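Enquirer: Sharing a structure, written as C-alpha cells. Questions coming.
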Amino acid sequence: MSDKFLPTNSYIGTRDFYPDDMRVRNWFFAKMRKVVESFGYEEMLGPILEPFDVFAAKSGEEIVNEQVYHFTDRGERHMAIRPEMTPTVARMVAAKSGEIRYPVRWYSIANFMRYERPQKGRLREFWQLNVDLLGESGLEYDYEILSVMVNLVKEFGADETMFKVKINNRRFYNDVMREVVNATPDEMKVISKAVDKRSKLPRDKYEEWLKDSGIPGAKIDRLEEVFGMSLSGLAGKLTGDSQGAKELTDLFGLIDKTGLAPYCEFDFSIVRGLEYYTGNIFEVYDLDPENRRALFGGGRYDNLIGLFKKAEVSGIGFGFGDVTFQNFLETHMLIPSDIHENNGVLITVFDDVDYSEYIRLSDELRVSGIKNTIYFGGNKKMGRQFQYAESMGIKFAIVMGGNELSEGKVIVKDMTTREQTEIKRAKFLEDFRKIFR
RNA sequence: GAGGGAAUAGCUCAAUUGGUUAGAGCAUCGGUCUGUGGCACCGAGGGCUGUGGGUUCAAGUCCCAUUUCCCUCCCCA
C-alpha cells in the first residue's frame, strides 16, 4: 500500500527517550525529588497548555512571540505550550490565595517547549525541575532557595571545584547603574546586554560595541570600575538606602555563617533575562573549562501573583533543566554505571517441564514484589539463556528443569559470582529472599 | 535570523583521479555445543549510500535544492 515509509526521527530539537535514556533521567530526577522533599517541598503540576497571555504578560512580548509554541484552539482561544513553569505556579497560587497556607513550598518536574535553534545545552523540548517558595519576601526565604540549589548539585557528588552559584540583585543592579554609572534608562537597556558580551568579546571589541550603541566613554570607564569592585565596595558608593544592597549583604552575611560560603560568590554581571525578577537573582555555573556555562538559575519575583489577583504574595524560585544538567553530570563523570543494572530475575525454561510450572514460579515472585521475566527466546540452550540474562543486566537466573522438578528443587544462580544454590521448591520464596538482594 | 561541518548496515567507520556485485569491526541470529553464559572457530541476515533533481557512457564520489544532526554567533535560560 505504501511505497514510502514515514521518517523515524523525532521532531527537531526533541529527544526520544529509550529505556537506557529514561533510566538516566529517572535516576537524577529521583535524586532531585529526594532533596527538595527533604526541604519540605510538595509536588504539584499544571497543564501543558496555558492561555497565551499568561506568558505574554510578563516574559517580554518579543521573546514570547518568537519562542512560544502557540495556536488557536477550536473555540478561538489563543493557547500556548508552556515555555516555563513559574507563571502556572503564580496562577495556581493566585486562584487559591485566600485559602492557601503560606509559605507555599512547591516543586514540579515537567516538560517545556521553546521554539529555538537547537545547540549544545539547549533543545526545543526539555524537562525541568521547578522549585518555588511563595509567601513573603525575606532573608530566610532567599537563603532557603539558595540552599536547595546548592544541595541539589551536591547530592550528585559535585563539590566546590565543579560549580559555583553567582549571586546578584536586580534592585541593587539598577541602583548602581543609576547612581554610580549615571546611566539613563535607555543606556541601562544597552548596558544590560553588554554585561553578557563583556565575558565573551575581546576587550576592545566590547568597548567598541558599547560606543557604537551610544554609551559615552566616561561611562564605559566607570562601568569597568564597577565590574571590578566587591559587594561592600559597590554598596559603599551608594548614597541613599538601597533595598537591593541590603538584600544582598544580608544574604551574604548569613551565607558566611553557614556551610554555603564555598559555593557562592557575588557577581555583578549576573542579570538574567526574565523581566519579572525583582530582588536577589542566582545563577549556577559549571566551573569546568570545557563547559563554562550557566547550568540553571532563578530569583525573586515580587509581582507575578498580582497578574491574576490583588494579593501581596512574593515568590522566589528556580528552574533546573535536564539538558544542561546532563552535560554537567557527563563532563564531571557523575553518572554511576550501575544504573543500567536490571536488578531482576530470569526464569530459564526447559522443554521437559510443563510451561505452567514457570508461570506459577513467576507469579509467586511477582506477587511478592520481585521483578522477573520468563525466557522467551526460540533457542533454549542453557548457555544462550544465561547470555541473555547477562546482556540484560539481570542479576539472578532460576534453573528449574525436569531433573530439579522431579527432586522438588530449584537452582538459583547468581549471574555475577556464578554461584549456584539449591533450594527446595516448596520453600522457594522463603529461601530465595535470603539470597536475593 | 547568520555562518561552518556532517549524513554510507542497528552502532563506529572504509570504499584510489568518477569505473565490476558498496566493505570491515562491533552488535544480532544460527551452528560447532537441547543441561551451565564472558573464549574460540564457521556461517547467515541486514543498504534505494538522508530526500529530490541535474551533469555523465558511468555517481556513495561532481553540481543544485531540501531535510536532519553537530558546532559557533544572534537571542535567551
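Enquirer: Take the residues in segment A:272-321 that are closer than 19 Å to A:Asp250 by Cβ and hydroxyl-bearing (Ser, Thr, Tyr), then tell me which one is surrounded by the fewest Cβ atoms within 10 Å (Cβ to Cβ).
Expert: For segment A:272-321, the residue satisfying everything is A:Ser314.
Enquirer: Still on this structure, please answer the following. Answer with yes or no whether A:Asp338 is within 14 Å of RNA strand B (Cβ to nearest atom) and within 36 Å of the chain's Cα centre (by Cα). Give the derivation first.
Expert: Values: within 14 Å of RNA strand B (Cβ to nearest atom): yes; within 36 Å of the chain's Cα centre (by Cα): yes.
Here the answer is yes, as A:Asp338 does meet what is asked.
Each row is one residue, and each column tells you yes or no for (1) in a loop (DSSP other than H, G, I, E, B); (2) without any contact (Cβ under 8 Å) to a residue 24 or more places away in the chain; (3) closer than 29 Å to A:Arg124 by Cβ.
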residue	(1), (2), (3)
A:Asp250	no, no, no
A:Tyr277	yes, no, yes
A:Gly297	no, no, yes
A:Lys310	yes, yes, no
A:Phe318	no, no, yes
A:Asn327	no, no, yes
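Enquirer: Oh, and also: Determine whether A:Asp186 is part of a loop (DSSP other than H, G, I, E, B), open to solvent by 40 Å² or more (accessible area, probe 1.4 Å), closer than 30 Å to A:Leu307 by Cβ and not assigned by TED's automatic domain parsing to the domain that holds A:Ile305.
Expert: Values: part of a loop (DSSP other than H, G, I, E, B): no; open to solvent by 40 Å² or more (accessible area, probe 1.4 Å): yes; closer than 30 Å to A:Leu307 by Cβ: yes; not assigned by TED's automatic domain parsing to the domain that holds A:Ile305: yes.
No.
Enquirer: Now for a different question. Please work out if A:Leu365 is more than 35 Å from the chain's Cα centre (by Cα) and surrounded by fewer than 17 Cβ atoms within 10 Å (Cβ to Cβ). Please lay out each step first, then the result.
Expert: Numbers: more than 35 Å from the chain's Cα centre (by Cα): yes; surrounded by fewer than 17 Cβ atoms within 10 Å (Cβ to Cβ): no.
Judged against the criteria, A:Leu365 is not a match.
Enquirer: Also: Any idea which residue in segment A:121-141 is surrounded by the fewest Cβ atoms within 10 Å (Cβ to Cβ), counting only those that are outside any loop (DSSP other than H, G, I, E, B) and of a type in the set (D, E, K, R)? Outline the logic, then answer.
Expert: First, the residues of segment A:121-141 that are outside any loop (DSSP other than H, G, I, E, B): A:122, A:125-135, A:139-141.
Checking which are of a type in the set (D, E, K, R) leaves us with A:122, A:125, A:132, A:140.
Working: A:Arg122: 15, A:Glu125: 18, A:Asp132: 25, A:Glu140: 11.
Going through the qualifying residues, I end up with A:Glu140.
Enquirer: Got at least one residue in segment A:80-93 being among the small types (Gly, Ala, Ser), within 21 Å of the chain's Cα centre (by Cα) and in the same structural domain as A:Ser314 (by TED's automatic domain parsing)?
Expert: Quick first cut of segment A:80-93, residues among the small types (Gly, Ala, Ser) only: A:80, A:90.
Subset that is within 21 Å of the chain's Cα centre (by Cα): A:90.
Pick out the ones that are also in the same structural domain as A:Ser314 (by TED's automatic domain parsing) and you get A:90.
Yes, segment A:80-93 contains at least one residue that is among the small types (Gly, Ala, Ser), within 21 Å of the chain's Cα centre (by Cα) and in the same structural domain as A:Ser314 (by TED's automatic domain parsing).
Enquirer: Within the set of pairs 6+ apart or on separate chains, which have a first residue in segment A:341-363 that is more than 13 Å from A:Val410 (Cα to Cα), a second that is away from RNA strand B (no atom under 12 Å from the Cβ) and of a type in the set (Lys, Arg), and C-beta atoms under 9 Å apart?
Expert: Partner pairs satisfying both residue conditions: A:Asn342/A:Lys371; A:Asn343/A:Lys371; A:Gly344/A:Lys371; A:Val345/A:Lys371.
Enquirer: Please verify whether A:Asp159 is out of contact with any helix residue (DSSP H, G or I) (no Cβ under 7 Å at 6 or more places or on another chain), open to solvent by 30 Å² or more (accessible area, probe 1.4 Å) and within 16 Å of RNA strand B (Cβ to nearest atom), treating the condition exactly as stated. Lay out the reasoning, then the answer.
Expert: On the way: out of contact with any helix residue (DSSP H, G or I) (no Cβ under 7 Å at 6 or more places or on another chain): yes; open to solvent by 30 Å² or more (accessible area, probe 1.4 Å): yes; within 16 Å of RNA strand B (Cβ to nearest atom): no.
Here the answer is no, as A:Asp159 does not meet what is asked.
Enquirer: How many of the residues making up segment A:163-183 are assigned to a loop (DSSP other than H, G, I, E, B) and in contact with a strand residue (DSSP E or B) (Cβ under 9 Å, 6 or more places away or on another chain)?
Expert: From segment A:163-183, those assigned to a loop (DSSP other than H, G, I, E, B) are A:180-183; that's our starting set.
Pick out the ones that are also in contact with a strand residue (DSSP E or B) (Cβ under 9 Å, 6 or more places away or on another chain) and you get none.
Residues in segment A:163-183 being assigned to a loop (DSSP other than H, G, I, E, B) and in contact with a strand residue (DSSP E or B) (Cβ under 9 Å, 6 or more places away or on another chain): 0 in total.
Enquirer: Hey, another quick one. Of the residues that sit in segment A:369-416 and are assigned to a helix (DSSP H, G or I) and among the acidic types (Asp, Glu), which one is farthest from RNA strand B (Cβ to nearest atom)?
Expert: Restricting attention to segment A:369-416, the residues satisfying the condition of being assigned to a helix (DSSP H, G or I) are A:382-391, A:402-406.
Going one step further and asking which of them are among the acidic types (Asp, Glu), we end up with A:390, A:404.
Numbers: A:Glu390: 3, A:Glu404: 6 Å.
Here the residue is A:Glu404.
Enquirer: Taking the stated definitions as given, is A:Gly214 assigned by TED's automatic domain parsing to the domain that holds A:Glu160, outside any helix (DSSP H, G or I) and within 16 Å of RNA strand B (Cβ to nearest atom)? Full working, then the answer.
Expert: On the way: assigned by TED's automatic domain parsing to the domain that holds A:Glu160: no; outside any helix (DSSP H, G or I): yes; within 16 Å of RNA strand B (Cβ to nearest atom): yes.
No, not satisfied.
Enquirer: Filter segment A:121-134 down to residues that are closer than 19 Å to A:Phe318 by Cβ and either outside the structural domain of A:Lys310 (by TED's automatic domain parsing) or in contact with a strand residue (DSSP E or B) (Cβ under 7 Å, 6 or more places away or on another chain) (or both), then give me how many there are.
Expert: Final tally of qualifying residues: 9.
Enquirer: Any residue at all in segment A:351-359 that is open to solvent by less than 30 Å² (accessible area, probe 1.4 Å) and either outside the structural domain of A:Trp127 (by TED's automatic domain parsing) or modelled with pLDDT under 90 (or both)?
Expert: Yes, that holds for at least one residue.
Every residue, every condition in (1) more than 16 Å from RNA strand B (Cβ to nearest atom); (2) open to solvent by 20 Å² or more (accessible area, probe 1.4 Å); (3) assigned by TED's automatic domain parsing to the domain that holds A:Val284, yes or no:
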site	(1), (2), (3)
A:Arg101	yes, yes, yes
A:Ala110	no, no, yes
A:Arg114	no, yes, yes
A:Gln119	no, yes, yes
A:Tyr143	yes, yes, yes
A:Met149	no, no, yes
A:Val181	yes, no, no
A:Arg198	no, yes, no
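The values are calculated or read from the model by the stated rules, or taken from the named source; none is laboratory data. This is a predicted model, so every value here is computed, not measured. Virtual Cβ from ideal backbone geometry, glycine too; neighbours counted across all protein chains shown. Surface accessibility is based on the protein's heavy atoms, side chains included, excluding ligands, DNA and RNA. Shrake-Rupley method; radii C 1.70, N 1.55, O 1.52, S 1.80 Å.
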